Each structure stands twice: as C-alpha cells, then as structure tokens.
1. All but one of (1) at pLDDT 85 or above; (2) in a helix (DSSP H, G or I) hold for residue 66, so report the exception by its number.
2. Spot the failing condition for residue 45; the list is (1) assigned to a loop (DSSP other than H, G, I, E, B); (2) over 13 Å from the mean Cα position of the chain (by Cα); (3) at pLDDT below 90, and only one is missed.
3. Output the residue which, of all residues in the range 69-87 that are more than 18 Å from the chain's Cα centre (by Cα) and in a helix (DSSP H, G or I), is modelled with the lowest pLDDT.
4. For a quick check of your reading of the model, give me the residue pairs whose first member lies in the range 23-43 and is under 12 Å from residue 75 (Cβ atoms), whose second is in a loop (DSSP other than H, G, I, E, B) and at pLDDT 95 or above, with beta-carbon atoms closer than 8 Å and at least 6 apart or on different chains.
5. Taking residue 50, is it out of contact with any helix residue (DSSP H, G or I) (no Cβ under 8 Å at 6 or more places or on another chain), in a loop (DSSP other than H, G, I, E, B) and at pLDDT below 95?
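The values are calculated or read from the model by the stated rules, or taken from the named source; none is laboratory data. None of the values given here were measured: they were computed from a predicted structure. Methodologically, a virtual Cβ is constructed for each residue, glycine included, from the backbone with ideal geometry; neighbour enumeration extends over all protein chains shown.
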C-alpha cells in the first residue's frame, strides 16, 4: 500500500507536534520558562484590523498567520495541560 505525500507529511507534522508538546511540558516545570510560555500563549502576531488595511479581500498571509497563532496556542495549551497532570 503506497502512502501519498499528503498523508506522509501529515504523519510527520503530527509526530513533531507530539514531541514539541512533550518538550514544552517539561520546560514548563521551570518557573521563569513557564511565565514566558504563558505570555507567549497570550500574545498574537496577527495584524489587527485597525493596524493594517488588507483591502477588499484579505491577503492569504493574514489567514496563514492566524492559523499559525492558533496552532501555537493549541500546542502551548496542550503542553500546559500535560504539565499540570504531572504535578
């Protein structure tokens, strides 16, 4: 059975995400690092509406950045939850 490139890529991304969540949960045990991670979870790199005019149709870069921000928050949230279960 051949695996298409999309499935292969998705599997690799999921593996990276699982490793990253575990690593961040370990780092969260360091109080200074935990504070930085919590701050990062609250930050956003997405340009807000009043900061830049995307035009009639927003540029795909705005959508990609929002997806990235959402994924960062999801990873940090999962890592913090994993850290809390270890306490």
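1. With (1) at pLDDT 85 or above; (2) in a helix (DSSP H, G or I) applied to residue 66, the lone miss is (1).
2. In the conditions (1) assigned to a loop (DSSP other than H, G, I, E, B); (2) over 13 Å from the mean Cα position of the chain (by Cα); (3) at pLDDT below 90, residue 45 misses (2) alone.
3. It comes out as 86.
4. Every condition considered, the pairs that remain are 37/28.
5. Numbers: out of contact with any helix residue (DSSP H, G or I) (no Cβ under 8 Å at 6 or more places or on another chain): yes; in a loop (DSSP other than H, G, I, E, B): yes; at pLDDT below 95: yes.
Taking the combined requirement at face value, the residue satisfies it.
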